[in-house]
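Report on one structure; see the data block that follows.
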Amino acid sequence: MRILTTIQEMRLACRQARHNAGADSSLALVPTMGAIHQGHLSLVEAAREECDVVAASIFVNPLQFGPTEDFARYPRTFDDDCAKFSAAGVDLLFAPAPEEMYPAGATTFVEVAKLSERLDGASRPGHFRGVATVVNKLFHIVSPDVAFFGQKDASQVAVLQAMVRDLNLPIRIAVCPIVREADGLAMSSRNRYLSPEQRTQALALCRALRHVEERIHQGETSAAILRAAAAEELSREPALRLDYIEIVDPNTLEPATSVVAGTLIALAAWVGETRLIDNLRVALAP
Ligand code: PAF
């Protein structure tokens, strides 16, 4: 695996890798903020299966963190991340410094209106402007054919799909399933913040989703009733502070009144200082 830290080097490395892989070769990008876990590695695996060349990036993007959020303490485990990416078959790793990505005086941003204010965007003002801007920059640097993201960040997926559509970017967004620990906790770099006690408390998120899924299997389709059921289930864990429970169309993120196949049920909650998210897509026509 080659590690590139400047935009110029990365552009060149991507062009060379494509050239070496042949005229019709395809290139994948797996953008990350590091603190690599099995969820990220499942994206690399999917990228390896689909594309000839796999590029990944590690960049803790200051633009997507609010002033009171965890930018400074976000886990930075570069050597460990490199070992994992290399073993998983990443060919090119882009790991720029903040000054490389945001030279002083940069004043251009990408804003996906409306969608950026829903779900996580409602709780984290400016977050999706930061995400859309950095992902757009990464797309221009790497020029991938396919970019891989996790379903866990369902609202991020909706925002980036809209960005690709609206700006006519010749890139397909591939969405990979949530990867869970054996006990159901959705994998997240932020799980590292949790004490053993908080980790147990955090299981209430996936429990609430499982409960809602069960109610859907039993025939319940009312979003209001399912939302109340999720809220009740979450309230059984008093240490949890609910941010949102939303039942929405997965593309527009607009509230649904009843669930159909594909409806997104998403929630976010605080466990101590740590904000966790989880979601499910309704699998069956109820
Ligand atoms: O999902 C993430 O880790 C980040 O939001 C991303 C897509 C790498 C942009 O910084």
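Since every read-out is calculated from the coordinates, none of them should be taken as a lab result. These numbers were taken from a predicted model, which means no experiment stands behind them. Using ideal geometry, Cβ is built from the backbone for each residue, glycine included, and neighbour counts are taken over all protein chains shown.
Odds and ends about this structure:
- Förster radius 41 Å - calculated FRET efficiency between ARG192 and ALA228, Cβ distance, rounded to 0.05: 0.80
- Ranking PRO103, HIS211, PHE65 by how far each Cα lies toward the positive end of the dipole of the chain (charges on Cβ) leaves PRO103 at the top.
- Environment charge of VAL259, counting only residues whose C-beta is closer than 14 Å and scoring Lys/Arg +1, Asp/Glu -1: -3
- Inter-centroid distance (Cα atoms) of region 196-218 relative to region 106-166, Å: 28
- Shape call, region 215-269: gyration tensor on alpha carbons, a/c limit 1.5: oblate
- When +1 charges are put on Lys and Arg Cβ atoms and -1 charges on Asp and Glu Cβ atoms, the dipole computed for the chain relative to its Cα centre reaches about 200 debye.
- Chymotrypsin sites (Phe, Trp or Tyr not before Pro) within region 94-162, DSSP loop, no more than 14 other Cβ atoms inside 10 Å: PHE109
- The mean of 1/r over all distinct Cα pairs in region 169-234, once inverted, gives the Kirkwood hydrodynamic radius of 13.9 Å.
- Tensor-based shape of region 8-67 (alpha-carbon gyration tensor, a/c under 1.5 rounded, otherwise prolate or oblate): oblate
- Convex hull volume of the chain per residue (C-alpha atoms, cubic angstrom): 132
- If you plug the beta carbon distance of ALA113 and ARG172 into 1/(1 + (r/R0)^6) with R0 = 25 Å, you get a FRET efficiency near 0.65.
- Modelled FRET efficiency - R0 22 Å, HIS19 with HIS140, Cβ distances, 0.05 increments: 0.70
- Among LEU167, LEU29, LEU205, residue whose mean-square fluctuation peaks in a GNM of the chain (springs only between Cα atoms under 10 Å): LEU167
- Other residues whose C-beta falls under 15 angstrom from the C-beta of ALA239 contribute a net charge of 0, scoring Lys and Arg +1 and Asp and Glu -1.
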